[in-house]
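Notes follow once the structure below has been shown.
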There are 2 protein chains.
Amino acid sequence: MSIDSRMESHLQSQRQRHLDELLGLLRIPSISALSIHKEDVAIAAAFLAEALTAAGMENVKVFPTEGHPVVYGDYLHAPGKPTVLVYGHYDVQPVDPLNLWDNGPFEPSIVNNKIFARGASDDKGPTYLHIKALETILQTNGSLPVNVKFCIEGEEEIGSPHLEPFIDTHRDLLKADVLLISDTTIIGPNQPAICYGLRGLCSLEVHVQAAKSDLHSGLFGGAVPNALHAMTELLASLHDHEGKVLVEGFYEDVAPLTPEEREELAKLPQDDQAYMQSLGLNELVGEPGFTTIERTTARPTLELNGVYGGFQGEGSKTVIPAEAHAKITCRLVNNQDPQKILDQIETHLKSHEPKGVTVTITRHDHAKPFIADYHQPAIQTAVDAYQFAYDVEPHFMRMGGSIPIVEAFDRLLNLPVVLMGFSLPDENFHAPNEHFALDNFDKGLRALVYYYTHLERV
Amino acid sequence: MSIDSRMESHLQSQRQRHLDELLGLLRIPSISALSIHKEDVAIAAAFLAEALTAAGMENVKVFPTEGHPVVYGDYLHAPGKPTVLVYGHYDVQPVDPLNLWDNGPFEPSIVNNKIFARGASDDKGPTYLHIKALETILQTNGSLPVNVKFCIEGEEEIGSPHLEPFIDTHRDLLKADVLLISDTTIIGPNQPAICYGLRGLCSLEVHVQAAKSDLHSGLFGGAVPNALHAMTELLASLHDHEGKVLVEGFYEDVAPLTPEEREELAKLPQDDQAYMQSLGLNELVGEPGFTTIERTTARPTLELNGVYGGFQGEGSKTVIPAEAHAKITCRLVNNQDPQKILDQIETHLKSHEPKGVTVTITRHDHAKPFIADYHQPAIQTAVDAYQFAYDVEPHFMRMGGSIPIVEAFDRLLNLPVVLMGFSLPDENFHAPNEHFALDNFDKGLRALVYYYTHLERV
């Protein structure tokens, strides 16, 4: 169980260059959610296209979409061998609150053997490993023992609104034998894991309108509706004190965990005390009757991501706010349907509309949950690759996050999906001080070189 | 019942100049709550000091305080006659949301016989009327038939934190026979009213802290506390569906309305249908068992003025917020004590602290409620002045707003207080498109000339 020694040497001699190039990508503020960064997202796409070309990929092209572009490139000179479709994303989450970052989110720095930058771990770093692993094989060997296609998008963090139509109209171009994605987490610094399930997602905004404008609390206070009173009453109706979702029907399509799977998940290392301590918490809060791992990977959630209304400035302002807004996302598990869940939430909110105000709802992104059979050969090669690079057997796990497009790839291209991640769960994705461990940068490259040089069957 | 005809002519001939000078004052963005406007507040103080001098006041001085300055000026050449202390404020509320203003808040414009600007009605306009009324008498007559002292502050909109110590250390300077304030509303375009009661105020901020930083809703969602879930649960516990405050003991010191006073208040014109329509509401919301006037002037309230936490930008962000914040103010009535009410709210919030989070409280401004006997002679002269200027008998009413310093003046200087306002209740104080009716600008000047030339007894 090894890789070609020339490839080992190449990885060592080129390490600083590989790192420097990744830092270059991390300097680009490709925040897909904010229209002010549209040009930066395009710059990141162009950067990746150049990197694919430099690595030896052919037919490299930046495909425009109605949103942000898709970067494509391929190597198709291994007749009779499997074709691997590599998916990743080069867009990143917004960076606020900016004041909580120790360093600029787009000024990457390496501190304590970690690369700090927005996107380091989610998902520019892991995506970049594929390019450098294939470049290493090609530069050492002159050819690849598999066929490869890259499909790297710029809208993952906003729910991939244009990737599904892109896949649909490019089924031939993207046709492959296996889909390989590095956008999931492993369990700990030296404990890799293969993810076989992802939660789905749905997202909405709630708007409460009371009077036609803000009112003076002295003159009107006591007789008129306050948009924030209504909003807090409405939002508080969504959960019980323990965190169970009170939307009618919310749990009705959830496939119950079997005793066997609960046993499997119970084997995963999880120390609630250490977990709480690392998060600065004295107590965990969640649905009664489930473990932390079950709650975060195999049970659905409804989270308030943002609430705002009225005065937020310095000091006080004696105002009765006319408007209030809330942003909500749900994580879904098999077999919940995002649209049905949105319908149920909308019904709940409308039926709980507080006195004197109007509640309106805007629907956003949605993604179906995904689950795979982990006995297939393409996943078994990933088990071997992890075993080689980390010298330890990987676990099988489900992930609480969503990769909205996985279910669409699965449905449209009908191919096995391998989720082979290199990020650690505490690397602050979507939060200040996101980072990526150098140890997984190095082991990830070796694992991927192994994977691409050992994939025989899918 | 009249004023000197030379004064009538003077008011007419000088009208445009009087207006232009007021617009000059309204151009100064003297927002006391925002430290970035500290210099503007000082500029407004200097503007007023010049206006007092130009009007014929003596000993004009801008007194620095630890916050914003107090402007003083006097005329003390009417021996044996009453001394009127005039209180007003030249600071204004913040202006956000700025996009809802039809014109810049500090670019005053006259449209449809209304002066539009932040502070036009609260309280630069009404305060300025006193200066111009006294100037009119002095320029026409050569002397004033009363003694006058001005005390104009720059911190009313932030709870007057430094005026009470100022009054306390300047009791001799401010010694007077009656306090006259124009910072209340009348009932309608041609229905003046004398206010004999003001609500008190207390103010606090609530902070909820969950994890030490924002968390990814996919990786952690389901097992960790969400600061916004906790905050909405906490805030929703403060009221029942009808708007009654659920804080234990909140109503226990409220002096019940007597049947006689309820009868008196019922005589005030109030059309709930028109009121709702003017505010863009389909329904009123408030404490059961009380009329709109009772709810807004003689009953206490607890209002959420601002709530915020998590992501507020464009699009969605799948984050579990670590922090949430709320700004709360209460309007209080006799005999509620602001500190006791703050204690009760704090006890409520701490005892309802949701699982997994820490709730902390910051206390801000507070002012005791005020109530006066409206049979005193100084108020009777105000009745006559309104009757003269508006040709209609004024009502007696209580006001729902707070003038935090009235109770302090009352306590420290022990003098009758006359609240003689010229603003209309729908002039958008504290909200976008604040304005002041030209009709009340004109009638206010005539009423004040009458008052200052007819005040014999207090």
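Only the coordinates and a few stated rules stand behind these numbers; no lab work does. Keep in mind it's a predicted model, so treat the numbers as computed, not measured. Backbone-built Cβ (ideal geometry, glycine too); neighbour counts: all protein chains shown.
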* Structure fact -> Low-density loop chymotrypsin sites (Phe, Trp or Tyr not before Pro), segment A:185-254, at most 15 other Cβ within 10 Å, DSSP non-H/G/I/E/B, are A:Tyr251
* What GluC sites (Glu not before Pro) in segment B:221-278 are in a loop by DSSP, with at most 16 other Cβ atoms within 10 Å of the Cβ? -> B:Glu242, B:Glu248, B:Glu252
* Structure fact -> Of the listed links B:Lys368/B:Lys443; A:Lys114/A:Lys443; A:Lys114/B:Lys212; A:Lys317/B:Lys149, those spanning more than 22 angstrom between alpha carbons are B:Lys368/B:Lys443; A:Lys317/B:Lys149
* Structure fact -> The residues A:Asp272, A:Asp391, sorted from fewest to most surrounding Cβ atoms within 10 Å, come out as A:Asp391, A:Asp272
* Structure fact -> So for segment B:261-340, using the alpha carbon gyration tensor with a ≥ b ≥ c as root eigenvalues (a/c under 1.5 gives rounded; past that, a/b versus b/c decides prolate or oblate), I'd call it oblate
* Asked: Which value in deg cm²/dmol, rounded to the nearest 500, describes the helix-derived mean residue ellipticity at 222 nm for chain B, given -39,500 (n - 2.57) per DSSP H run of n ≥ 4 and division by the residue count?
  -> -10500 deg cm²/dmol
* To do: Could you give the size of the charge dipole of segment A:1-78 about its Cα centre, using +1 on the Cβ of each K and R and -1 on the Cβ of each D and E, expressed in debye and rounded to the nearest 20?
  => 140 debye
* Give me a single rounded figure for B:233-244: the average over its residues of other chain Cβ atoms within 10 Å of their Cβ. => 5
* **Rel. contact order, % - alpha carbon contacts under 8 angstrom, at least six apart, chain B** => 26 percent
* Pop the C-beta distance of B:Val111 and B:Asp271 into the FRET formula with R0 = 35 Å and round what comes out to the nearest 0.05. => 0.85
* For segment B:360-413: relative contact order, % (alpha-carbon pairs under 8 angstrom, 6 or more apart) -> 47 percent
* Cleavage-rule hits, GluC sites (Glu not before Pro), segment B:1-108, DSSP coil, Cβ neighbours within 10 Å at most 10 -> B:Glu66
* To do: May I ask you to report, in nm to one decimal and beginning with the shortest, the distances from B:Asp172 to the same position in the other copies, taking label points 7 Å along Cα-to-Cβ?
  => 10.1
* Provide B:His364, B:His10, B:His68 in ascending order of the number of other Cβ atoms located within 10 Å of each residue's Cβ, fewest first. => B:His364, B:His10, B:His68
* What is the Cα convex hull volume of segment A:350-458 when expressed per residue in Å³? -> 164 Å³
* Structure fact -> For the B:Asp337, B:Thr360 Cβ pair and Förster radius 25 Å, calculated FRET efficiency rounded to 0.05 is 0.65
* Asked: For A:Gln191 and A:Glu260, FRET efficiency with R0 = 22 Å and r from the beta-carbon atoms, rounded to 0.05?
  -> 0.50
* Asked: Shortest first, in nm, what separates the label point of A:Ser35 from those of the same position in the other copies (7 Å along Cα→Cβ)?
  -> 3.5
* To do: Give the relative contact order (percent, whole number) for segment A:274-336; include only Cα pairs under 8 Å separated by 6+ residues.
  => 32 percent
* Shape category assigned to segment A:97-156 from the gyration tensor of Cα positions, a/c cut at 1.5 -> oblate
* **Table column - 3J(HN,Hα) (Hz), segment A:365-370, Karplus curve with 6.51, -1.76, 1.60, x for Gly and Pro** => 4, 7, 8, 6, x, 9
* To do: With 10 Å bins from zero, work out the P(r) of the protein assembly as shown over every alpha carbon pair and list the percent per bin.
  => 2, 12, 19, 18, 14, 11, 10, 7, 4, 2, 0, 0
* To do: Every other copy gets compared here: list the nm distances from the A:Gln270 label point (7 Å along Cα to Cβ) to its counterparts, shortest first, one decimal.
  => 5.6
* Other chains' Cβ within 10 Å of B:291-301 residues: what's the mean? -> 4
* Normalized C-alpha radius of gyration of segment A:224-263, against 2.2 N^0.38 Å? -> 1.81
* Among B:Leu25, B:Ala54, B:Pro64, pick out the residue whose Cα is farthest towards the positive end of the charge dipole of segment B:1-93, where Lys and Arg carry +1 and Asp and Glu carry -1 on C-beta, about the Cα centre. => B:Ala54
* **Label-point separation, A:Val383 to B:Asp373 (7 Å along Cα→Cβ), nm** => 9.4 nm
* Separation in nanometres of the label points that stand 7 Å from Cα toward Cβ, at B:Asn414 and B:Gln312 -> 4.8 nm
* segment B:372-412 versus segment B:1-80: alpha-carbon centroid distance in Å -> 22 Å
* What is the mean number of Cβ atoms from other protein chains located within 10 Å of the Cβ atom of each residue in peptide A:327-333, rounded to a whole number? -> 4
